[in-house]
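What follows draws every value from the coordinates through simple rules; no lab data is involved. On a predicted model such as this, the values are computed, not experimentally measured, just so you know. With ideal geometry, Cβ positions are generated from the backbone for all residues, glycine too; neighbour counts draw on all protein chains shown.
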Amino acid sequence: MPPRLRLTAPPLILSRPEAQSRRFALEARRAGIDGAILISPVLQVHLDPPAALPPGDLVLSSVHGVAAARDLSGRRVWAVGAATARAALAAGADLQQTAPDIAALATLLLAARPERVVHLRGTHVAGSLIEDLSAAGIRAEGITVYDQAARRISDAARRAIAAGPVLLPLFSPRSAALLGAEVDGPPVAARVLAISAAAARAWPWPGEVRIAARPDGRAMLDGLRGLVDREGDR
């Protein structure tokens, strides 16, 4: 029996903000995903740094919050995701704990019960961290330090999605909804991978949406490799 030919991976469409998409593209290449990569963000991040950080334990749920805070020297920080934790440490933070998502971090904070919690967040917020902590008697507030403005996808990305098989990773509920709204008709050939069940639910089109084993970049890479292998078996 002749050996099966190895096929190039379908194009990978990255819709995260520019800097995050470029980092993920490098990781995808290192992971062996060898198809074309099209970076077409559906979100543009605009930082709005506070004049001064209020006292209390800081919650950082993205690297954008770290960038807005700038200097975290000596500040107690609770982080969502490994990338946010690394950025916080690089900015001088006293990292307390890291969780894969905001709900898991809320559980850690409810157990630790710090005196005061300040969430440095974006304009669009997932979850109910402040409400949950406040209901438990923990002084908590959220400060908006960046905005995530919607962007149109590029013509090249739109054509690739319409033309045939593509890999579509969805990294948040909002970006999933925005990307779905940009698609011209059901993307029947798209191989869709969501970082969470919430992101999968936000995808507006019918068809299979796989969910990563964990809500992090490594699991997303593993899931994309699985989709590439599945495509090669067709």
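General observations
- Residue among Asp101, Asp57, Asp184 with the largest mean-square fluctuation in a Gaussian network model of the chain, springs linking Cα atoms under 10 Å: Asp184
- Where GluC sites (Glu not before Pro) in DSSP loops with at most 12 other Cβ within 10 Å are excluded, longest remaining stretch of the chain: 1-114
- Considering only beta bridges that DSSP places wholly inside region 1-146, some 5 percent are antiparallel.
- What the phi angles of region 158-169 give under the Karplus curve with 6.51, -1.76 and 1.60, with θ = phi - 60°, is a coupling list of 4, 5, 5, 5, 6, 7, x, x, 9, 9, 10, x Hz, glycine and proline written as x.
- Dividing the helix sum by the residues of the chain, where each DSSP H run of 4 or more adds -39500 (n - 2.57), gives a mean residue ellipticity at 222 nm of -11000 deg cm²/dmol.
- Basic side chains Lys and Arg get +1 at the Cβ, acidic Asp and Glu get -1 at the Cβ, and with that the dipole of region 45-149 about its Cα centre reaches some 220 debye.
- Arg86/Ala136 FRET efficiency (R0 35 Å; Cβ-Cβ; nearest 0.05): 0.75
- Total charge dipole magnitude, the chain, about the Cα centre, Cβ charges on Lys, Arg, Asp, Glu only, Debye to nearest 20: 520 debye
- Dipole in debye (nearest 20) - region 192-234, about Cα centre, beta carbon charges: Lys, Arg +1; Asp, Glu -1: 120 debye
- Among the listed values (i) 36, 21, 15; (ii) 35, 18, 16; (iii) 38, 19, 18, the one computed from these coordinates for semi-axes √(5λ) of the Cα gyration tensor in Å is (ii).
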